[in-house]
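The numbers here are math on the coordinates, done by the rules we state, and not lab data. From a predicted model like this one, the values you see are computed outputs, not experimental measurements. Note: ideal-geometry Cβ built from the backbone for every residue, glycine included; neighbour counts use all protein chains shown.
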Amino acid sequence: MANNFVPKNKYKRNDVLDLLGIEKDSNGKRGGVYATGYFKFENAYYVFVNIGIEGRTGHDYDNKFLSETELYWFAKSNAKINQAQIQELLNHKTQIHLFYREDNRVEFIYFGRVKAASYQDTKPVQITWKLVD
């Protein structure tokens, strides 16, 4: 699926889900995997990153920008390097869209498509994302 996300534009998580065409359940909600830090939809991943702030789930990872084109990121707390989802995220053929925010009360900013530049086999897995466009 092609996307219409514009780098530096702001998006609420629900805006992203609407643009992707992800259906709401019978209660008008889209929880579960779509409310977490990253999910796969069709053939792409969508990563939502909090930088310098605690997430709404209480996790406070040391996610940070290393430069204008690189971001240091921690996967979900139970993520391990051998998990299929992590292996897909590390695969350079996987399309990955990254959104970030520096305040829990504001929209996410679309960073762009990224690829894993490096990773550390820790718990949780740590990945340095590099902007590809």
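Things to note:
- Per-residue Karplus couplings for the stretch 60-77, computed as 6.51 cos²θ - 1.76 cosθ + 1.60 with θ equal to phi - 60°, are listed in order as 10, 8, 8, 5, 6, 7, 9, 6, 5, 10, 10, 9, 8, 9, 10, 6, 4, 4 Hz, Gly and Pro entered as x.
- For Gln95, the residues whose amide H sits under 5 Å from its own are Tyr45, ignoring neighbours fewer than 5 places away on the same chain, with H placed 1.01 Å from N.
- Positive-end residue of Gln85, Ala117, Leu71, charge dipole of the chain with Cβ unit charges: Gln85
- Euclidean distance between Cα centres, the stretch 1-42 to the stretch 69-133, Å: 17 Å
- Contour minus Cα-Cα distance for Asn4 and Ala35 (0.36 nm per residue): 9.1 nm
- Size of charge dipole - the chain - debye, nearest 20, with Cβ of Lys, Arg +1 and Asp, Glu -1, no other charges: 160 debye
- Close amide H contacts of Tyr61 (hydrogens built in the peptide plane, cut-off under 5 Å, sequence separation of 5 or more or a different chain): Gly55.
- Farthest toward the positive end of the dipole of the chain, out of Gln126, Val106, Tyr34, is the Cα of Tyr34, where the dipole comes from beta carbon charges about the Cα centre.
- The listed peptides 4-17, 73-86, ordered by packing as a protection proxy, come out as 73-86, 4-17 (highest mean of other Cβ atoms within 10 Å first).
- Cβ-based net charge around Ile86, under 10 Å, with every Lys or Arg adding one and every Asp or Glu removing one: 0
- Antiparallel DSSP beta bridges within the stretch 10-131, as percent of all bridges there, nearest 5: 75 percent
- For the stretch 10-131, the spread of Cα positions along each principal axis, largest first, Å: 40, 29, 25
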